[in-house]
Amino acid sequence: MTELRWNPTVREWVSTATERQNRPLLPQDWCPFCPGSGRVPDHYDVYIYPNDFPAFSVPPPEPAIEGDDLYRVRKSYGKCDVVLYHPDHNTSLPQLSLSHLTLLVRLWRKRFEELRSLPGIRYVLIFENKGAVIGVTMPHPHGQIYAFPFVPPRLEKEVAAARAYQRAHRRCLYCEILKKERSGGRRMIAENEEFSAFIPFYARWPYEVHIFSRRHLQTLSEFRPAEEEALAQILKWVTLKYDNLYGFSFPYMMLLHQSPTQGRHPSFHFHIEFYPPHRSKDKLKYMASVETGSGAFLNDSLAEEKAAELRAANPTQAPG
Ligand SMILES: [Zn+2]
Ligand SMILES: [Zn+2]
Ligand SMILES: [Zn+2]
């Protein structure tokens, strides 16, 4: 059973998906994402695989419970895809070649455009959970795409903030942040012609890295071919730095923040956000009481110091 339940106290939808409880845990000897499993083509480079335990689907199932005016219930209409990064079970994003990563960026774009055109879809969220500490049940390198029937709350907040800033200052908020970060440089960790990666001034997590497109773009659909390649390159650099920081495959949550798929959002600016849970080599930051129950974050580190650590981790300068 899966449905959307409205929380009127914070005005947010909660997706309930009880079937997800039956998800398999780290399979020991069989992986559905490996060629030869019978579940994916025998030969692929990158591949969209429908999630076996979707939180959203078309057509959606009937809700398990009836709603009313106070407790609104909606069908969990939408899509959940798994994006397979590579047929090799034992690789990860930073180990992929630039040409292979460019294929991934193009697949994201193609799938984004398909999902965006489905009626009733309001947001397409491309993301990756990496590492067992994030709760990843399949070690095969993959990300996911959720097509939502509503704009998720954090994105809604970003869209509103960008619009308000644009109205008040006649400038893009993100372009202003980019200008400030690039001129200061203290929080910058990597740059190429088209993208800048830095720990934002307002980071909530110690190693939180954001990648901003230098051009004022809203979605992957507006990317030029050079931008697709440059995105592949900066993704590789950032994730390589993460892996080289402590010498192990660094877990993270990564999300592409694009504008909502309905209406026009000219003040929004494409960016990617990384949230690694580590605050040191062997310590994790948790979503504890204050973070979970109040929404306010306590970051025990200085963005400037953490950025210096990531700047010093290889690759230390723009490799070709
Ligand atoms: Zn596999
Ligand atoms: Zn902008
Ligand atoms: Zn964002």
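The values are calculated or read from the model by the stated rules, or taken from the named source; none is laboratory data. None of the values given here were measured: they were computed from a predicted structure. So basically every Cβ, Gly included, is an ideal-geometry build from the backbone, and we count neighbours across all protein chains shown. What goes into the accessible areas is simple: the full protein's heavy atoms, side chains included, and nothing from ligands, DNA or RNA. Shrake-Rupley method; radii C 1.70, N 1.55, O 1.52, S 1.80 Å.
Miscellaneous remarks
- Meets criteria (part of a helix (DSSP H, G or I), in contact (Cβ under 8 Å) with a residue 40 or more places away in the chain and hydrophobic (A, V, I, L, M, F, W, C)) for V133: yes
- When we screen F250, F274, F268 for residues that are in a loop (DSSP other than H, G, I, E, B), more than 16 Å from ligand 1 (Cβ to nearest atom) and in contact with an Asp or Glu (Cβ under 7 Å, 6 or more places away or on another chain), the only hit is F250.
- Within the range 232-258, if we keep just the residues that are open to solvent by 10 Å² or more (accessible area, probe 1.4 Å), of a type in the set (A, V, I, L, M, F, W, C) and within 23 Å of R214 (Cβ to Cβ), the residue that is nearest to ligand 2 (Cβ to nearest atom) turns out to be L255.
- Failed item, numbered, when T261 is tested on (1) closer than 23 Å to A160 by Cβ; (2) surrounded by fewer than 19 Cβ atoms within 10 Å (Cβ to Cβ); (3) away from ligand 3 (no atom under 15 Å from the Cβ): (2)
- Scanning the range 127-158 for residues that are open to solvent by 20 Å² or more (accessible area, probe 1.4 Å), within 27 Å of E194 (Cα to Cα) and more than 14 Å from the chain's Cα centre (by Cα) gives E156, K157, E158.
- Of all residues in the range 76-88, those being open to solvent by 40 Å² or more (accessible area, probe 1.4 Å) and either without any contact (Cβ under 8 Å) to a residue 24 or more places away in the chain or within 16 Å of ligand 1 (Cβ to nearest atom) (or both) number 2.
- Restricting the range 159-203 to residues that are assigned to a helix (DSSP H, G or I) and away from ligand 3 (no atom under 16 Å from the Cβ), the residue that is most open to solvent (accessible area, probe 1.4 Å): R167
- Number of the condition not met by E305 [criteria: (1) open to solvent by less than 30 Å² (accessible area, probe 1.4 Å); (2) part of a helix (DSSP H, G or I)]: (1)
- Any hit, the range 221-244, residues being closer than 27 Å to S301 by Cα and in a loop (DSSP other than H, G, I, E, B): no
- Looking only at the range 49-75, and only at residues there that are surrounded by fewer than 17 Cβ atoms within 10 Å (Cβ to Cβ) and in contact with a helix residue (DSSP H, G or I) (Cβ under 8 Å, 6 or more places away or on another chain), the one that is nearest to E128 (Cα to Cα): F53
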